Amino acid sequence: DHDIVQLAETKYGGTLTKTGRGCFTGDANVLTKDGYKEIKDIEIGEMVLTNDGTYNKVLQKMEYDIIEPMLKIVTKQNNKYYISTCTLDHKILIRRNNKNTFIEARNIKDGDLCCLPVKVSQNRNNNALTSDLEYNPIKILKITGPLDIKVYDIAVENHHNYVLNGMIVHNSAPSFYVTNLLGLTDIDRMK
């Protein structure tokens, strides 16, 4: 596990986040092959848009009953505004200092730019293609809570991210129990 974490950090620019879980309220809209759909209604096997403009399969859907603070943020896509409510640890693809990085919601600042694939077109295999990202400013509304609420996330094949409410967000990564014992995550699958 240690060697894999080191490789991920040094070769691929990964960041160890010990929570590994971030979630949205059920009304957040995920961009599927058939259009936007609330995350609470997403089904395993559906195809969702990822950061490179391709559609990838949903492998797992997670639901959690939580009592914790939540962050409200505003994003914009195609002149439509979205208000998203997420846990403080959900990772969102942000453009900062001319670099795209997944950042925990708690560390996003007003004016940070969220990333969204644009120029999406279909190839003969009916996959979406894109060559560019669009950058739109994010507005932080407030931290609320703690809220006693059900939250959702999905695990997506290949790219491990998806488009939600006009931004690219990272999917959850529940850990193996040994990873918790080694101190690489705070997630306890036994609980």
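To the nearest 0.05, what FRET efficiency results for Val5 and Asp110 with a Förster distance of 41 Å applied to their C-beta separation?
With R0 = 41 Å, the Cβ-Cβ based efficiency is 0.80.
Per-residue counts of other Cβ atoms within 10 Å, averaged by peptide: what ranking do you get for 24-35, 154-165, highest first?
So the order, starting with the most tightly packed, is 154-165, 24-35.
Quick one: 3J(HN,Hα) in Hz for region 48-58, Karplus 6.51/-1.76/1.60 with θ = phi - 60°, rounded, Gly and Pro as x.
Rounded to whole hertz, the list is 10, 6, 10, 4, 8, x, 9, 9, 10, 6, 6.
What percentage of the solvent-accessible surface of region 25-98, computed with a 1.4 Å probe over protein heavy atoms, is contributed by carbon and sulfur atoms?
Of all accessible area on region 25-98, carbon and sulfur atoms account for 44 percent.
With a Förster radius of 25 Å, plug the Cβ-Cβ distance of Asp52 and Asn97 into 1/(1 + (r/R0)^6) and report the FRET value to the nearest 0.05.
Step by step, r from the Cβ atoms, then E = 0.70.
Each label point is 7 Å from the Cα along the Cα-to-Cβ direction; what then is the distance between the points at Glu157 and Asn78, in nm?
Here the answer is 2.5 nm between the modelled labels.
To the nearest 10 Å², what's Ile4's accessible area with a 1.4 Å probe?
For Ile4, solvent-accessible area is about 120 Å².
Quick one: accessible area per residue over region 14-115, 1.4 Å probe, rounded to a whole number of Å²?
47 Å²
The values are calculated or read from the model by the stated rules, or taken from the named source; none is laboratory data. From a predicted model like this one, the values you see are computed outputs, not experimental measurements. We place every Cβ from the backbone using ideal geometry, glycine too, and count neighbours over all the protein chains shown. Surface areas here come from the heavy atoms of the whole protein model, side chains and all, with no ligands, DNA or RNA. Shrake-Rupley method; radii C 1.70, N 1.55, O 1.52, S 1.80 Å.
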